[in-house]
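Asker: So that we are looking at the same thing, I have put the structure below in structure tokens.
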Amino acid sequence: MDDYAAVRDAEESAKKAQWAHDWKVAAFGAVSGGILGLVSGAFSSQLVSLLQSLFL
């Protein structure tokens, strides 16, 4: 019975570690995606402005 409890505890610990890792990855993706979106939006806005000033 001790082996079963040890396996169950190990599985529970692994599940908690995976859950924490998933949250870290999701948070990093959200932050980096937001920053990338802001930077690319600003860059494309400046590019459109430059092209309009050159050709219009």
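Coordinate-derived values only; no laboratory data. Please read all numbers here as calculations on a predicted model, not as lab measurements. Every residue, glycine as well, gets a Cβ built from its backbone with ideal geometry; the counts of neighbours run over all protein chains shown.
Asker: Give, in nm to one decimal, the length gained when the segment between residue 26 and residue 6 is fully stretched (0.36 nm per residue of separation minus the Cα-Cα distance).
Answerer: 4.2 nm
Asker: Working from Cα positions, state the angle (0 to 90°, nearest 10) between the long axis of helix 2-55 and the longest principal axis of the chain.
Answerer: Result, in degrees: 0.
Asker: Among 5, 54, 43, whose Cα lies farthest out toward the positive end of the dipole of the chain, if unit charges sit on the beta carbon of Lys, Arg (+1) and Asp, Glu (-1)?
Answerer: Farthest along the dipole direction, towards plus: 54.
Asker: With +1 on each Lys and Arg Cβ and -1 on each Asp and Glu Cβ, how big is the dipole of the chain about its Cα centre, in debye rounded to the nearest 20? Kindly include the intermediate steps, with their values, before the conclusion.
Answerer: On the way: 4 positive and 6 negative charges, 92 e Å.
With Lys and Arg at +1 and Asp and Glu at -1, about 440 debye.
Asker: Given the Cα-Cα distance of residue 35 and residue 47 and 0.36 nm per residue of separation, how much length would full extension add, in nm? Don't skip to the end; give the middle numbers.
Answerer: Values: separation 12, 0.36 × 12 = 4.32 nm, distance 1.82 nm.
That pair, residue 35 and residue 47, stretches by 2.5 nm at full extension.
Asker: Here's a follow-up. Per 10 Å bin from zero, what fraction in whole % of the C-alpha pairs of the chain is there, up to the bin with the longest pair?
Answerer: Bins of 10 Å from zero give 20, 21, 17, 15, 12, 9, 5, 2, 0 percent of pairs.
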